[in-house]
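*Asks:* Before I ask anything, here is the structure I am working with.
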Amino acid sequence: MTGPGGEADRPAPDAGGDAARAAASAAGRPLSGRQAGIPGRHRYQIRVRGRLGPTIRSAFPALRARAEGGDTVLTGVLADQAALYGVLAAAEALGLELLEVRRLPPRDEPRAPSS
């Protein structure tokens, strides 16, 4: 069935159950520090609106979650761009509001001085 403007209707996201399991599968597994240095693997910081509870945080095993103000910041190393898209798809499936996605510099790479 299509909605206004020819867009396909989607079922409303389920905050738990099957959606959480699918999100965890799409988000992948954490990488060790040694794997993080392999080309194609990057550290990311993803900010979503609201404080995520333990059930929703468990959908992102490759990422560390911390509350910052009223938002949650997920940080970690992802294998490649496909893994990043998997995390973003999981966030969408869980109905999370995405605020920011940043690729972080490698930990051993010095940051450019700010002027």
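The values are calculated or read from the model by the stated rules, or taken from the named source; none is laboratory data. Because the structure is predicted, anything quoted here is derived from the model rather than measured. Here Cβ is always computed from backbone atoms with ideal geometry, including for glycine, and neighbour counts include all displayed protein chains.
*Asks:* Cβ contacts < 9 Å: first residue assigned to a strand (DSSP E or B), restricted to the range 55-71; second residue among the small types (Gly, Ala, Ser) and surrounded by 15 or more Cβ atoms within 10 Å (Cβ to Cβ), any location; separation 6+ or different chain. Result?
*Replies:* The qualifying pairs are ARG64/GLY76.
*Asks:* Consider only pairs whose beta carbons are under 6 Å apart and that are at least six residues apart or on different chains; among these, list those whose first residue lies in the range 74-95 and is of a type in the set (S, T, N, Q) and whose second residue is modelled with pLDDT of 95 or more and surrounded by fewer than 18 Cβ atoms within 10 Å (Cβ to Cβ).
*Replies:* Hits for this filter: THR75/GLN45; THR75/ARG64.
*Asks:* For the range 32-71: of the residues being at pLDDT below 95 and charged (D, E, K, R), which is surrounded by the most Cβ atoms within 10 Å (Cβ to Cβ)?
*Replies:* ARG41
*Asks:* Considering the range 84-115 alone, what residues qualify as being in a loop (DSSP other than H, G, I, E, B), of a type in the set (Lys, Arg) and either at pLDDT 95 or above or under 17 Å from GLY40 (Cα atoms) (or both)?
*Replies:* Within the range 84-115, just ARG107 meets the criteria.
*Asks:* Count, please, the residues in the range 51-89 that happen to be under 17 Å from GLU100 (Cβ atoms), in contact with a Gly (Cβ under 9 Å, 6 or more places away or on another chain) and of a type in the set (D, E, K, R).
*Replies:* Residues in the range 51-89 being under 17 Å from GLU100 (Cβ atoms), in contact with a Gly (Cβ under 9 Å, 6 or more places away or on another chain) and of a type in the set (D, E, K, R): 3 in total.
*Asks:* Just checking, how many residues over the range 77-103 are surrounded by fewer than 18 Cβ atoms within 10 Å (Cβ to Cβ), among the small types (Gly, Ala, Ser) and touching a helix residue (DSSP H, G or I) at 6+ places or on another chain (Cβ under 9 Å)?
*Replies:* 2
*Asks:* Can you name the number of the only condition in (1) loosely packed, with under 13 Cβ neighbours inside 10 Å; (2) modelled with pLDDT of 95 or more; (3) in a loop (DSSP other than H, G, I, E, B) that ARG29 fails?
*Replies:* Unmet condition: (2).
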